[in-house]
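One structure is given below, encoded as structure tokens.
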4 protein chains.
Amino acid sequence: MSATPGYHDTKDDLLKRLRRVEGQVRGLHRMVEEDAYCIDVLTQISAATKALQAVATGLLEQHLHHCVAAAIESGGPDAHSTITEAAEAVRRLVRS
Amino acid sequence: MSATPGYHDTKDDLLKRLRRVEGQVRGLHRMVEEDAYCIDVLTQISAATKALQAVATGLLEQHLHHCVAAAIESGGPDAHSTITEAAEAVRRLVRS
Amino acid sequence: MSATPGYHDTKDDLLKRLRRVEGQVRGLHRMVEEDAYCIDVLTQISAATKALQAVATGLLEQHLHHCVAAAIESGGPDAHSTITEAAEAVRRLVRS
Amino acid sequence: MSATPGYHDTKDDLLKRLRRVEGQVRGLHRMVEEDAYCIDVLTQISAATKALQAVATGLLEQHLHHCVAAAIESGGPDAHSTITEAAEAVRRLVRS
């Protein structure tokens, strides 16, 4: 779509956050292996889910600031479809 | 808390699901490294979040069937606090 | 199912909370009629959604304390299906 | 903020949807008054929550198509703050 994604300027931070979530999920695996109490596992799953959602809303913000703004600035039919596409992504986030 | 967690009988399946989510998050890291389109990254985050939530609700079901049921069967004040604790876990899941 | 629902002891509070949510939704209608700013409408929708979710998790807690506990105490196959049913309700809440 | 809100063209539909949600919440009140089974009340709460979320994401889409697009087209510092504000609204929706 675009050679430069909307998260270009915050890519390092985004990669760091995803590594952290990966670590959280690996930690969940370890907890289950060691027979941790169900509620403690559930608490950690909620934390990992929240972290993923925060990555998603941050990424969406960058997408609006860069990709959607650029599409609107250049005008044309792309602007409309880019906005509809972003709205669909929000629907998936809200439902997930 | 308990030597045998509520997910004892489905532990292998639970571990497999968590490995899969870990793979999804690692895949997200790779997508960002390769400058994937924002919306494609967002779609994958929604999928990983949904997978984590499914793990959580499955785990909660096992917890109700085993730990909560056992606490109620043995009676006493533990039954009440175990149920309150499970309800708190549901609150965290719904909010995350 | 049961003549006395799980929320029997907190019914007045539950009715009051639902009235309040009804008022919030009526307030939303008024805001839209008066052409309120989109973001202000969205903020109120988030508040109403949160209020509904809080009603739901409170109600689920009462259901666990009373209906599910009673089903487990009387034992038999009903206990299992009552727990499965509660877990399904949690799944719907988490997804909504 | 703006005399013409982003939902101007779909205002009638929006008002109709909000009326329907109001009816759903009133229906919930009636169910509780008549001592309906907890799980049936929970199912209806999930339906009302889903309906509210659908109103919110539809409204957000209109806001992006009209208000945010207009702010970007006119340029200036308003464009940036309008996008940040929309992203904040998405965060509240995802968390609610």
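The values are calculated or read from the model by the stated rules, or taken from the named source; none is laboratory data. Everything numeric here is computed off the predicted structure, so don't read it as measured data. Because the Cβ atoms are built from the backbone with ideal geometry, glycine has one as well, and the counts that use them run over all protein chains shown. These area figures cover heavy atoms from the full protein model, side chains too; ligands, DNA and RNA do not enter into them. Shrake-Rupley method; radii C 1.70, N 1.55, O 1.52, S 1.80 Å.
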Check your understanding: Can you spot a residue in the range B:35-42 that is at pLDDT 95 or above and in contact with a Cys (Cβ under 7 Å, 6 or more places away or on another chain)?
Key -> yes
Review point. Looking at (1) more than 11 Å from the chain's Cα centre (by Cα); (2) of a type outside the set (Val, Ile, Thr); (3) crowded, with 18+ Cβ neighbours inside 10 Å, which is the one condition that is false for B:Ser74?
Key: (3)
Revision key, fill the gap. If we keep only residues of the range B:21-64 that are among the hydroxyl-bearing types (Ser, Thr, Tyr) and touching a Ser or Thr at 6+ places or on another chain (Cβ under 7 Å), then the residue farthest from A:Thr10 (Cα to Cα) is B:Thr49
Exercise for review: Could you tell me which numbered condition C:Ala79 fails, if it satisfies all but one of (1) within 17 Å of the chain's Cα centre (by Cα); (2) open to solvent by 10 Å² or more (accessible area, probe 1.4 Å)?
Suggested key: (1)
Check your understanding: Out of (1) at positive phi; (2) touching a Pro at 6+ places or on another chain (Cβ under 6 Å), the odd one out for A:Gly76 is which?
Key -> (2)
Study note, to complete from the structure: Among A:His65, A:His8, A:His29, the single one that is open to solvent by 70 Å² or more (accessible area, probe 1.4 Å) and modelled with pLDDT of 95 or more is A:His8
**Study point:** Tabulated pairs, the range B:60-83, first among the acidic types (Asp, Glu), second open to solvent by less than 30 Å² (accessible area, probe 1.4 Å), C-beta under 7 angstrom, 6+ apart or interchain
**Key:** B:Glu61/C:Ala87; B:Glu73/C:Ile72; B:Asp78/B:Ala71
